[in-house]
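K.L.:
Take a look at this one; I'll ask things after.
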Amino acid sequence: MVAGDTMDRSNIEKIAHSAEDKVLLAKLWDKVGAGIRRNIPANTCFLSPRELELARFLFGNEPGLCSFGGYEEAERKMLIYLPDYLEEDSLYEEDSPLVCLRATYFEMDELSHRDFLGALMGAGIARETVGDICVGKGSCDFFVTAEIAPYIQQNFLSAGRTKLHLDQIPLREAQIPEPEVKEIKDTLASLRLDSVISSGFRIGRSLASQYVSAGKAAIDGLPCEKPDKAVSEGMKISVRGLGKIKLVSVGGRTKKDRISVTIHRYM
């Protein structure tokens, strides 16, 4: 994949890996590119980490572009163009392109991320209009596009058999739960992708390599099919069917010349 220093629509053909990628990038070009050319605010819907990376390659180093998902560590974010007369702090104000909705419900009804996402999709709400879903005890804060928020407040009344009460809250008041992680301390011969996956998910390296070669692994949202790809500190790795891990820290070498690492596996 080649990233350009300037905007060029012809890069879509170079960047896209599939017909779906081409359709997505063309939509992003039309939406964000129009804002850039007219010097007015513009934004996409919510993008996955992989889609966001594709968009960044398409638009290159264009000034004024930023990504925003409602809070700093958001996984699903919008790509946003802000003219030079607007600061990024303006994204938290009332005219932000996204809003945060809080669903409250009977505390004894334990609902999961999957419960909320399934209920939203069941209510006819498109996935790209929904950002991160942050489930707590008795409440769930989730991010949606400003345009779809009124529809959701009128039509998203339950998740399964659990009744919901929805309110729009200021973005800065969103409650983001700390992710549950299992900390793994290990030593590796190298920082190859298959080695890190093997350690993080407690599977054999040959099996880890098969997952990667089959196209089931991604680093920071970008698919990777090279088992020997080097992984750096801070990178997040997702493996379809296994889950997500993060290489939190890389230490020194042991007496047996192995690399000390700390990995977080998200539960």
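K.L.:
Would you pick out the residues in the range 48-77 that are under 30 Å from Glu173 (Cβ atoms) and among the aliphatic types (A, V, I, L, M)?
P.N.:
Across the range 48-77, the qualifying residues are Leu52, Ala55, Leu65, Ala74.
K.L.:
May I ask you to say which residue of Tyr105, Tyr81 is within 21 Å of Lys27 (Cα to Cα) and aromatic (Phe, Trp, Tyr)?
P.N.:
One residue alone meets the criteria, Tyr81.
K.L.:
In the range 85-136, what residues are within 15 Å of Ala149 (Cβ to Cβ), in a helix (DSSP H, G or I) and open to solvent by 60 Å² or more (accessible area, probe 1.4 Å)?
P.N.:
Glu128, the sole residue that qualifies.
K.L.:
For the range 151-165, state whether one or more residues are closer than 30 Å to Gly33 by Cα and either of a type outside the set (Val, Ile, Thr) or open to solvent by 20 Å² or more (accessible area, probe 1.4 Å) (or both).
P.N.:
So far as the range 151-165 goes, yes, one or more of its residues are closer than 30 Å to Gly33 by Cα and either of a type outside the set (Val, Ile, Thr) or open to solvent by 20 Å² or more (accessible area, probe 1.4 Å) (or both).
K.L.:
Report yes if Glu128 is modelled with pLDDT of 95 or more and under 18 Å from Gly70 (Cβ atoms), otherwise no.
P.N.:
Details: modelled with pLDDT of 95 or more: yes; under 18 Å from Gly70 (Cβ atoms): yes.
It is true that Glu128 is modelled with pLDDT of 95 or more and under 18 Å from Gly70 (Cβ atoms).
K.L.:
Here's a follow-up. Just the residues that are more than 23 Å from Lys255 (Cβ to Cβ), aliphatic (A, V, I, L, M), modelled with pLDDT of 95 or more and in contact with a strand residue (DSSP E or B) (Cβ under 8 Å, 6 or more places away or on another chain), please, taken from the range 179-204.
P.N.:
Within the range 179-204, Leu193, Ile197 meet the criteria.
K.L.:
While we're here: Give the residue that is farthest from Ile263 (Cα to Cα), with candidates limited to residues of the range 168-187 that are open to solvent by 70 Å² or more (accessible area, probe 1.4 Å) and part of a strand (DSSP E or B).
P.N.:
Gln168
K.L.:
Any residue in the range 224-244 that is free of Cβ contacts under 8 Å to residues at least 12 places away in the same chain and either farther than 29 Å from Gly136 by Cα or touching a Ser or Thr at 6+ places or on another chain (Cβ under 6 Å) (or both)?
P.N.:
no
K.L.:
Right, something else. Within the range 180-197, is there a residue that is in contact with a Phe, Trp or Tyr (Cβ under 9 Å, 6 or more places away or on another chain) and among the small types (Gly, Ala, Ser)?
P.N.:
No: the range 180-197 contains no residue that is in contact with a Phe, Trp or Tyr (Cβ under 9 Å, 6 or more places away or on another chain) and among the small types (Gly, Ala, Ser).
K.L.:
Starting from the range 74-87, take each residue that is more than 14 Å from Leu98 (Cα to Cα) and list its partners that are of a type outside the set (A, V, I, L, M) and part of a strand (DSSP E or B), counting only C-beta distances under 7 angstrom and pairs at least six apart or across chains.
P.N.:
Glu75/Asp132; Leu82/Cys66
K.L.:
Still on this structure, I have one more. If you take the residues in the range 219-267 that are of a type in the set (Ser, Thr, Tyr) and not in a strand (DSSP E or B), which one is nearest to Arg192 (Cα to Cα)?
P.N.:
Out of the qualifying residues, it is Ser232.
K.L.:
What residue, of Ser199, Ser190, is more than 21 Å from His113 (Cα to Cα), part of a loop (DSSP other than H, G, I, E, B) and open to solvent by less than 80 Å² (accessible area, probe 1.4 Å)? Before the answer, list the steps.
P.N.:
On the way: Ser199 fails: part of a loop (DSSP other than H, G, I, E, B).
On inspection, the qualifying residue turns out to be Ser190.
K.L.:
Something else about it: Tell me the residue from Ala214, Ala218 that is out of contact with any Pro (no Cβ under 7 Å at 6 or more places or on another chain), open to solvent by less than 50 Å² (accessible area, probe 1.4 Å) and under 24 Å from Leu52 (Cα atoms), please. Give the derivation first.
P.N.:
Working: Ala214 fails: open to solvent by less than 50 Å² (accessible area, probe 1.4 Å).
Answer to the selection: Ala218.
K.L.:
Which of the residues that make up the range 83-116 are in contact with a strand residue (DSSP E or B) (Cβ under 7 Å, 6 or more places away or on another chain) and more than 18 Å from Gln168 (Cβ to Cβ)?
P.N.:
Passing the criteria: Glu88, Phe106, Asp109, Leu111, Ser112, His113, Asp115.
The values are calculated or read from the model by the stated rules, or taken from the named source; none is laboratory data. None of these values were measured; they are calculated from a predicted model. Virtual Cβ from ideal backbone geometry, glycine too; neighbours counted across all protein chains shown. Surface accessibility is based on the protein's heavy atoms, side chains included, excluding ligands, DNA and RNA. Shrake-Rupley method; radii C 1.70, N 1.55, O 1.52, S 1.80 Å.
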